[in-house]
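Written below as structure tokens is the structure these notes are about.
The values are calculated or read from the model by the stated rules, or taken from the named source; none is laboratory data. All figures in this text were calculated on a predicted structure; none of them were measured in a lab. Counting neighbours? That spans all protein chains shown, and the Cβs are built from the backbone with ideal geometry, glycine included. We work out accessible area using only protein heavy atoms, side chains counted, and drop any ligands, DNA or RNA first. Shrake-Rupley method; radii C 1.70, N 1.55, O 1.52, S 1.80 Å.
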Protein chains: 2
Amino acid sequence: MIAQRLQALRQYMASNQLDAFIIPSTDPHQSEYVADHWKLRTYFSGFTGSAGTLVVTQEIAALWTDSRYFLQFEDECKDTPVTLFKQSIPHAPEHVAWLTELLAANSSIGLDYRQFSKAQITYLQSFTAQKNQQITNCPHFAKTLWTDRPALPNFAVDIHPLEFSGETTASKLQKVQEVLKEKNADYYLFSSLDEIAWLFNIRSRDVDFTPLVTAYALVGVTTTVLFCNTDRFNQGALKAFQKLGIEVQNYDAIATYLPSLDANTTVLTDAASLNYACFEAIQGRFAFENSLVKELKAIKNEVEIQGAKNCMIKDGVALTKFFIWLEKTLKKQTLSEYEIGRKLNSFRQQQEYYTGESFAAIVGYKGNGAIIHYTAPSEGSAIVSNEGILLVDSGGQYQDGTTDITRTIWLGGTPTEKIITAYTGVLKGYIELEQIEFPLGTTGAQLDAFARVHLWKQGMNYPHGTGHGIGSFGMVHEPAQGFATGATTARGTTPHLAKQLTTIEPGCYVANEFGIRTENIVVSKEVNQTSFGTFLGFEALTLCYIDTQLIDTTALTTAEINWLNKYHEHVLTQLTPHLNEEETSWLRQKCKSL
Amino acid sequence: MIAQRLQALRQYMASNQLDAFIIPSTDPHQSEYVADHWKLRTYFSGFTGSAGTLVVTQEIAALWTDSRYFLQFEDECKDTPVTLFKQSIPHAPEHVAWLTELLAANSSIGLDYRQFSKAQITYLQSFTAQKNQQITNCPHFAKTLWTDRPALPNFAVDIHPLEFSGETTASKLQKVQEVLKEKNADYYLFSSLDEIAWLFNIRSRDVDFTPLVTAYALVGVTTTVLFCNTDRFNQGALKAFQKLGIEVQNYDAIATYLPSLDANTTVLTDAASLNYACFEAIQGRFAFENSLVKELKAIKNEVEIQGAKNCMIKDGVALTKFFIWLEKTLKKQTLSEYEIGRKLNSFRQQQEYYTGESFAAIVGYKGNGAIIHYTAPSEGSAIVSNEGILLVDSGGQYQDGTTDITRTIWLGGTPTEKIITAYTGVLKGYIELEQIEFPLGTTGAQLDAFARVHLWKQGMNYPHGTGHGIGSFGMVHEPAQGFATGATTARGTTPHLAKQLTTIEPGCYVANEFGIRTENIVVSKEVNQTSFGTFLGFEALTLCYIDTQLIDTTALTTAEINWLNKYHEHVLTQLTPHLNEEETSWLRQKCKSL
């Protein structure tokens, strides 16, 4: 099937004089998770991972992705003509140098401008220019090739109420308008869906796992236009927007609106997120700025932080009930990884304001835990029994917040020394980074290694970053702060500020044997003010016991043991009011002092 | 005087239609320490710091430098019309955005192409192009303005013997030639003096503190030309070079040689170090590569590592004798910081193969220790008595190696709690980083914070990187590896490899109170090979006791106390064979187990 689709694409390429075609994983908004309509890369390659770029020539179909997805690729694409090209750095455009080198001078490369940011096209051009290679915009290439392509989503849009958002749209817009006045500019053009959802306090379910709305927004000092199909709003919402001076126009209207702007207009925008089709439409009228909203949004207000704390209780209760169910059930029968994931979701569904998972839950038994972005298939997933190791990475979308948590538990039998060493190293790393105090503005690359250093001492490591920002009823991976080794990634270079929500999630993976990861969400806060400056620290918000069966307690320092006991005490205090007697007694056992 | 010199420069600017002039601190070889001939920035500003750029317009004379030099600037430039502009990142060209913003469109900026690398001019052009500002090459601007300018150095060149270099020039050249063949290129053009000194095994004393030779080198597969005044070599050296196919031409001959190269020639070179005048001369014939020699040179061979170890014994003996002398003398009399620095040099002079200091020794008493690149003036430096804190950062050039060490000692009286906390935090940071094990290829930015984390916990920090590479009878600050917070500096982004020499030197500074720094040179080495990869660690080479008077031993872990006891035991074992009985007994006391 994939072979046929690639064959059709190659025919299209031949008849349009294209020597290569690039299909990335994203949509016109540089989204991480995209609506089915935009799953072009999956359609033509069979690969469903969230990161990866397909590059097709007449000779080769190359799927470029990073180490998190190598095993998944082998699994999904083994019977296709697609070849894996291993990226050393996640999301890095390593295919560009390869492709432009491979192609002859004066070749032509096809792609859809909407799927590429201005920054990405500029990067590509810096290579194609050297050999006079052409980039051809093909916005309609999939029309004849993908006949049963799903339509763009058009669900009703909900207004995200003040009790969850903590800030009115008027106040948020005013912040943007102040920057416009200060910079003497006319408009700020937003294309990132999470930024638009935050700015206008709107939510929907266009995209799996993320409550976003497909839209563009042009914010001006006097005129503000939200490009989002008007039939998605109820009359009350439209009237409220009108009162704020917000005009709602259909999504597609952006294509004609932007070119019609006066020639003297100055439009601020973010080169890293704006797609190249929009960029062409405002040629000569743009000025690039950092994404203002990305920065505003990353610092949570008190209502959002309280919402996150509420969610952690709900998530903790759901997870406790889930782990009790799992332990009980496995005493009597086996379960598939897939069933386990669905059951976990059903426990979350019992919680207030729950709208769905924040990403596809990873339930990885034994060796499957080593597949970092593993998703258990609905048919034929591994059968989990009363022994061995199980990794569960999951999260929920609640109207008052977004969660993301990983726990690795031992189901029975005798663990190997290697597993105990790895699990203990991961836990020590988590504690080390969570307990660090650091100057305001320290970057993720400076902090990342603290979560690794105990594993390094054991000759171990993990091939992914240590954490990411997280939204408030928004994206589970929210830019820009985080912890990453790479000095070139946003998660590596972005300074940490107070009141940000970030995950800490070290891990350790041995192919075909086990995967271990321990992940909490932490909030950053000021902990010290001295003549040397302001110092920040982290506070764990996630509330779920950490399995002590795999800990080598002799390898823990007194401070680490104290940390674990205190954390477990806190989990107990927070969760027991919401548990029955039997559940409480079970959790008390799991949270027993070391 | 500075006012008059600036006045003359402004007249020159006016008569040459220049609206601004940029004078950096470097020479045509991007050297850190430069011959007096190239001290243009000092001549026109009075500022002698090793990093800083002077930008002159008709209205302002702006000296851009970083926090290491703020106090020094205030001291040296207080009676001049020069204004300090504070850089947030050392060596970053932060003046460029400021100047091009300040100047009107179509303005003209003068500078000497030779003082700027290709990369620096490209960066400058990316700003000037926006306002159609011109960059004008003024290679002769100082001729009439600086009439008593010192001539270029022309000392005899020494051949660095194989017993110290560990590798013949023939072998080194062959490595370059292999790369040329592999890349199908004709020449490699070298302009960094340390790279040329390494490649040709030549040394001299053109530059303070660094045994380098003013030269360029063009290495070809068949023809190799060393551009260095021929009268600097003895006949034997010239004959030996001839045998190796190396032609020696005078230094200035490069200016005519490069443009005469065939139009089809391909010259590899390093955009970061090649000066723009040379770049212009090979326009259309160049290809940029990483500096091959920088990478080869950073990995020391066994002879160089053994040489470094030998130097550490000599340095340790000199420092022990010096600290004994200091303690004894201060019991009877006071001493100036300047005297103390000279005396330290005299103890090193008693050691074999010593040729001079590797940088201007920093002897900072009390508050002067907080001036990070402090140099005690020969007249009127602070008077040191039998109490308080003293920071001594010094190093030596020996034919078998280069040293750099800092110790901070307590001279008497009762130290404040703040000093003890800071000293203990610095020591803990040193141990933390020195003891780390990490995957091959980990960068300096990932490791840097391990030396800070204990200070951070106390609300303290230091405003400089944590360490730098060091040469072998070469530059005391040798690129590229090191430890730095900045993800944009080479010391931050360069991967650490085995067999490199690097300093670890955390510190803590409180203006007008104290400066603390503890610095050792370490060698990197393989410590583990697992399925996760190769892991490196560090081994301290520097041999000198660490003053235990300022340590809060209750704040040390057992592992830290064991480290210190073991280090002191090693220092004793290594140094006592070279000390007399009295010296040995003194050192034994200082190295007493905690």
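Points worth noting:
- Whether the range A:2-145 is rounded, prolate or oblate, judged on the alpha carbon gyration tensor where a/c under 1.5 counts as rounded: rounded
- The range B:497-529 and the range A:96-134: distance between their alpha carbon centers, rounded to Å: 44 Å
- Annotation for residue B:385, label-to-label distances across the other copies: 8.3 nm (shortest first, one decimal, point 7 Å from Cα along Cα→Cβ).
- Label point 7 Å beyond Cα along the C-beta direction, distances from residue A:208 to other copies (nm, shortest first): 6.6
- Computed 3J(HN,Hα) for the range B:465-475, one whole-Hz value per residue from the Karplus formula 6.51 cos²θ - 1.76 cosθ + 1.60 where θ = phi - 60°, is x, 9, x, 9, x, 9, x, 10, 6, x, 6, glycine and proline marked x.
- Using a cutoff of 8 angstrom between alpha carbon atoms and counting only pairs six or more residues apart, the relative contact order for the range A:57-138 works out to 28 percent.
- Burial of 30 Å² or greater, the range B:464-512 residues [accessible area, probe 1.4 Å, versus chain by itself]: B:485, B:487
- Under the simplified labelling scheme, the residue A:531-residue A:167 pair shows an inter-label distance of 3.6 nm, with each label point 7 Å from Cα along Cα→Cβ.
- For the chain pair A and B, buried accessible area totals roughly 2300 Å², probe 1.4 Å, rounded to the nearest 100.
- Fraction of beta bridges assigned by DSSP in the protein assembly as shown that are antiparallel (%, nearest 5): 75 percent
- Of the residues making up the range B:527-551, those losing 40 Å² or more of accessible area when the isolated chain is joined by the remaining protein chains, with a 1.4 Å probe, are B:532, B:535.
- Rounded Å value of the spacing that divides the Cα centres of the range A:50-91 and the range A:256-289: 33 Å
- Amide hydrogen neighbours beyond the local backbone of residue B:357, cut-off 5 Å, H modeled: B:397
- From its DSSP helices (H runs of at least four residues, each -39,500 (n - 2.57)), the protein assembly as shown gives a residue-normalised ellipticity at 222 nm of -10500 deg cm²/dmol.
- Centre-to-centre separation between the Cα atoms of the range B:144-218 and those of the range B:414-485: 31 Å.
- Folded to 0 to 90 degrees: helix A:558-575 orientation relative to chain A principal axis, Cα: 80 degrees
- Antiparallel beta bridges, as assigned by DSSP with both residues in the range B:302-590, represent about 100 percent of the total such bridges.
- With every protein chain in place, the protein assembly as shown: carbon and sulfur % of accessible area (1.4 Å): 49 percent
- For residue A:485, nonlocal amide neighbours, meaning residues 5 or more places apart or on other chains whose placed amide H falls under 5 Å from its own, are A:466.
- Among residues other than residue A:470 with Cβ under 10 Å from its Cβ, the summed charge is -1 (Lys and Arg +1, Asp and Glu -1).
- Ignoring lysines fewer than eight residues from residue B:131 along the same chain, the ones with Cα atoms less than 27 angstrom from its Cα are A:118, A:181, A:183, B:86, B:118.
- Taken along the Cα-to-beta-carbon direction at a fixed 7 Å, the label points for residue B:235 and residue B:290 span 4.5 nm.
- With θ taken as phi - 60° and the Karplus curve 6.51 cos²θ - 1.76 cosθ + 1.60 applied, the whole-hertz 3J(HN,Hα) list for the range A:167-179 is 8, 6, 4, 4, 5, 5, 4, 4, 4, 5, 5, 5, 5 Hz, x standing for glycine and proline.
- The range B:2-145, relative contact order [Cα under 8 Å, separation at least 6], %: 25 percent
- Heavy-atom accessible area, 1.4 Å probe, ligands and nucleic acids excluded: residues of the range B:410-448 down by at least 50 Å² from chain alone: B:437, B:446
- For the range A:529-540, 3J(HN,Hα) computed residue by residue from phi via the Karplus equation (6.51, -1.76, 1.60; θ = phi - 60°) reads 10, 9, 5, 8, x, 9, 10, 10, x, 10, 10, 5 Hz, glycine and proline entered as x.
- The long axis of helix A:581-590 is offset from the longest Cα principal axis of chain A by roughly 90 degrees.
- Cβ-based net charge around residue B:259, under 12 Å, with every Lys or Arg adding one and every Asp or Glu removing one: -1
- The mean sequence separation of alpha-carbon pairs under 8 Å and at least six residues apart, normalised by the residue count of chain B, gives a relative contact order of 11 percent.
- Across q = 0.05, 0.09, 0.10 Å⁻¹, the protein assembly as shown modelled as identical point scatterers on its alpha-carbon atoms has Debye log10 I(q)/I(0) values of -0.39, -1.28, -1.50, in the order of the q list.
- Computed with a 1.4 Å probe over protein heavy atoms only, the accessible surface of chain B comes to 39 Å² per residue.
- Count of lysine pairs in the range A:314-438 with Cα separation under 19 Å (8 or more residues apart, or interchain): 10
- Label spacing, shortest first and in nm, from residue A:417 to its equivalents in the remaining copies (7 angstrom along Cα→Cβ): 4.6
- For chain B, DSSP calls about 75 percent of its internal beta bridges antiparallel.
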